[in-house]
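Enquirer: One structure is given below, represented as structure tokens, and several questions about it will come after.
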Amino acid sequence: MPASRAPERGRELVDLPGGAFRMGSDDHYPEEAPSHLVRVGAFAISPTAVTNAEFARFVRRTGYVTVAERPLDPAEFPDAPPENLVPGSMVFTPTSGPVDLRHLSQWWTWTPGASWQAPYGPGSSVKRIPDHPVVHVAHADARAYADWAGLDLPTEAEWEYAARGGLDGAPYTWGEEKRPGGRIMANTWDGPDFPWRHSRESGYLRTAPVGSFPANGFGLHDMAGNVWEWTDDWWTSRHPDDAGSACCAPVDPRGGDVEGSLDPRQPQFRTGRKVIKGGSHLCADSYCLRYRPAARRPQMVDTGMSHVGFRCVRRPGPPGED
């Protein structure tokens, strides 16, 4: 697949021709259904997630301060204790043994001082992992980077089209089998004992350097596992119905709106949620079989975590125009 140059950074992108594909899945989680035909136009996409080194360059040149590095506004969190109104982010913390998997608060810890520069909290640093994907980035942080680079964030449809690598309908980015020939194809949780015991069969407990696992058919790495990736679409609890024929398939669809993206189970939170895609190093088959192109999850736009990153796209025409 030919590569082209992105303005301002000299970043090579992979040109994709676009076309029709079947988005979603009827075989896994309910939010992925129904499977439906869509079309996307031509665009170019980064072959990997944005790395710590690339994000550091952006910060050096702009002085940008991420959401996780800014103090919280007490007016927005009136019930929060003062000690929580400091810069920080959510960090994955393995448990000491088996836990009830319905309560993810048992393995996520609000960590003051955690940010893209200190991904595990105070004392940690990205200087030793410059080629790992940047994490602890909120949607606004990803958007700021994309704007600086003269690029954009992908729509959910673009992201899924790219992740499929030309294998329309296959459950994984590489095909039908989870481990073809026994080969590990993505950085996911090894073993059944999430979130406490990890076999490290893949060689990684947390993030891996980008490109450590095989590329898909479009030459794109880590479209499954390693880190979840932001898209620019508002969350919807399900996909629209299939149009029924190729002539009527939506072209370059965009999902939902901010109001519809709010979590009805937490009406006290009025923060919109965007779609994240691809799964992460924390995806365990026993808990979260979401390292698949159809998989999707909601993420509050103001919340970065230690397993969420992003990659950028460029469409024909000025950045930001869809």
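Enquirer: Name the one entry in E54, E83 that is of a type in the set (D, E), open to solvent by less than 60 Å² (accessible area, probe 1.4 Å) and over 17 Å from M300 (Cα atoms).
Expert: None of the other options fit; the residue is E54.
Yes/no per residue for (1) out of contact with any strand residue (DSSP E or B) (no Cβ under 9 Å at 6 or more places or on another chain); (2) modelled with pLDDT of 95 or more; (3) under 16 Å from H136 (Cα atoms):
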{"site": "R238", "(1), (2), (3)": "yes, yes, no"}
{"site": "G244", "(1), (2), (3)": "no, no, no"}
{"site": "V251", "(1), (2), (3)": "no, no, no"}
{"site": "Q266", "(1), (2), (3)": "yes, no, no"}
{"site": "K274", "(1), (2), (3)": "no, yes, yes"}
{"site": "Y291", "(1), (2), (3)": "no, yes, no"}
{"site": "V308", "(1), (2), (3)": "no, yes, yes"}
{"site": "P316", "(1), (2), (3)": "no, no, no"}
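Enquirer: Residue check, P71 against (1) of a type outside the set (S, T, Y); (2) part of a loop (DSSP other than H, G, I, E, B); (3) crowded, with 16+ Cβ neighbours inside 10 Å; (4) in contact with a Leu (Cβ under 7 Å, 6 or more places away or on another chain), all met but one. Which one?
Expert: (3)
Enquirer: How many residues are in contact with a Ser or Thr (Cβ under 7 Å, 6 or more places away or on another chain) and either open to solvent by 50 Å² or more (accessible area, probe 1.4 Å) or assigned to a loop (DSSP other than H, G, I, E, B) (or both) if we restrict to segment 231-241? I'd like the intermediate steps shown before the answer.
Expert: Just the residues of segment 231-241 that are in contact with a Ser or Thr (Cβ under 7 Å, 6 or more places away or on another chain), to begin with: 231-235.
Going one step further and asking which of them are either open to solvent by 50 Å² or more (accessible area, probe 1.4 Å) or assigned to a loop (DSSP other than H, G, I, E, B) (or both), we end up with 234-235.
Total satisfying the criteria: 2.
Enquirer: Now for a separate question. Looking at segment 39-58, can you tell me whether even one residue there is closer than 17 Å to G304 by Cα, among the aromatic types (F, W, Y) and outside any loop (DSSP other than H, G, I, E, B)?
Expert: yes
Enquirer: Now a separate question. I'm trying to understand the selection: among the residues of segment 286-313, which are under 22 Å from G166 (Cβ atoms) and part of a loop (DSSP other than H, G, I, E, B)?
Expert: Residues satisfying the conditions are R290, Y291, R292, P293, A294, A295, R311, C312.
Enquirer: Which members of segment 242-259 meet the condition of being loosely packed, with under 14 Cβ neighbours inside 10 Å and in a helix (DSSP H, G or I)?
Expert: A246, C247, C248, E259 - these are the residues of segment 242-259 that are loosely packed, with under 14 Cβ neighbours inside 10 Å and in a helix (DSSP H, G or I).
Enquirer: Can you pull out the residues in segment 77-93 that are more than 22 Å from V134 (Cβ to Cβ) and either in contact with a strand residue (DSSP E or B) (Cβ under 8 Å, 6 or more places away or on another chain) or at pLDDT 85 or above (or both)?
Expert: Of everything in segment 77-93, those that are more than 22 Å from V134 (Cβ to Cβ) and either in contact with a strand residue (DSSP E or B) (Cβ under 8 Å, 6 or more places away or on another chain) or at pLDDT 85 or above (or both) turn out to be E83, N84.
Enquirer: Still on this structure, please answer the following. Please name all residue pairs, on different chains or six or more residues apart, with Cβ atoms under 7 Å, provided the first residue is in segment 7-31 and is over 19 Å from P240 (Cβ atoms) and at pLDDT 95 or above and the second residue is among the hydroxyl-bearing types (S, T, Y) and surrounded by 19 or more Cβ atoms within 10 Å (Cβ to Cβ).
Expert: Once the first residue is over 19 Å from P240 (Cβ atoms) and at pLDDT 95 or above and sits in segment 7-31, its partners that are among the hydroxyl-bearing types (S, T, Y) and surrounded by 19 or more Cβ atoms within 10 Å (Cβ to Cβ) give L13/S46.
Enquirer: Do we find that L220 is open to solvent by 50 Å² or more (accessible area, probe 1.4 Å), within 28 Å of D15 (Cβ to Cβ), among the hydrophobic types (A, V, I, L, M, F, W, C) and part of a loop (DSSP other than H, G, I, E, B) in this structure?
Expert: No.
Enquirer: Checking G169 against (1) among the small types (G, A, S); (2) modelled with pLDDT of 95 or more; (3) open to solvent by 40 Å² or more (accessible area, probe 1.4 Å), which single condition isn't satisfied?
Expert: Of everything listed in (1) among the small types (G, A, S); (2) modelled with pLDDT of 95 or more; (3) open to solvent by 40 Å² or more (accessible area, probe 1.4 Å), G169 misses just condition (2).
Enquirer: Could you please let me know if A208 is touching a Leu at 6+ places or on another chain (Cβ under 7 Å), surrounded by 22 or more Cβ atoms within 10 Å (Cβ to Cβ) and touching a residue at least 24 places away in the same chain (Cβ under 8 Å)? Explain how you work it out, then say what you get.
Expert: Numbers: touching a Leu at 6+ places or on another chain (Cβ under 7 Å): no; surrounded by 22 or more Cβ atoms within 10 Å (Cβ to Cβ): yes; touching a residue at least 24 places away in the same chain (Cβ under 8 Å): yes.
For A208, the condition - touching a Leu at 6+ places or on another chain (Cβ under 7 Å), surrounded by 22 or more Cβ atoms within 10 Å (Cβ to Cβ) and touching a residue at least 24 places away in the same chain (Cβ under 8 Å) - is not met.
Enquirer: Would you pick out the residues in segment 260-276 that are part of a loop (DSSP other than H, G, I, E, B) and surrounded by fewer than 20 Cβ atoms within 10 Å (Cβ to Cβ)?
Expert: From segment 260-276, those part of a loop (DSSP other than H, G, I, E, B) are 262-272; that's our starting set.
Selection gives L262, D263, P264, R265, Q266, P267, Q268, F269, R270, T271.
Enquirer: Okay, moving on. Of the residues that sit in segment 277-296 and are among the hydroxyl-bearing types (S, T, Y) and closer than 18 Å to H103 by Cα, which one is surrounded by the most Cβ atoms within 10 Å (Cβ to Cβ)?
Expert: Step one: filter segment 277-296 for residues among the hydroxyl-bearing types (S, T, Y), giving 280, 286-287, 291.
Filter once more, keeping what is closer than 18 Å to H103 by Cα: 286-287.
Working: S286: 11, Y287: 14.
Here the residue is Y287.
Enquirer: What number goes with the only condition from (1) open to solvent by less than 50 Å² (accessible area, probe 1.4 Å); (2) touching a residue at least 24 places away in the same chain (Cβ under 8 Å); (3) over 15 Å from the mean Cα position of the chain (by Cα); (4) under 19 Å from E156 (Cα atoms) that P316 does not pass?
Expert: (1)
Enquirer: Restricting attention to segment 88-115, report how many residues are among the aliphatic types (A, V, I, L, M) and open to solvent by 30 Å² or more (accessible area, probe 1.4 Å).
Expert: The number of residues fulfilling the criteria is 4.
Here's the yes/no breakdown for (1) open to solvent by less than 10 Å² (accessible area, probe 1.4 Å); (2) in a loop (DSSP other than H, G, I, E, B); (3) without any contact (Cβ under 8 Å) to a residue 24 or more places away in the chain; (4) among the hydroxyl-bearing types (S, T, Y):
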| site | (1), (2), (3), (4) |
| --- | --- |
| K127 | no, no, yes, no |
| P130 | no, yes, no, no |
| A142 | yes, no, no, no |
| A157 | yes, no, no, no |
| Y161 | no, no, no, yes |
| G181 | no, no, yes, no |
| G191 | no, yes, no, no |
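The values are calculated or read from the model by the stated rules, or taken from the named source; none is laboratory data. Here the structure is a predicted model, which means the values were calculated and not measured. Heads up, the Cβs are rebuilt from the backbone with ideal geometry, glycines too, and the neighbour counts pull from every protein chain shown. All accessible areas refer to the heavy atoms of the entire protein, side chains included, with ligands and DNA or RNA removed. Shrake-Rupley method; radii C 1.70, N 1.55, O 1.52, S 1.80 Å.
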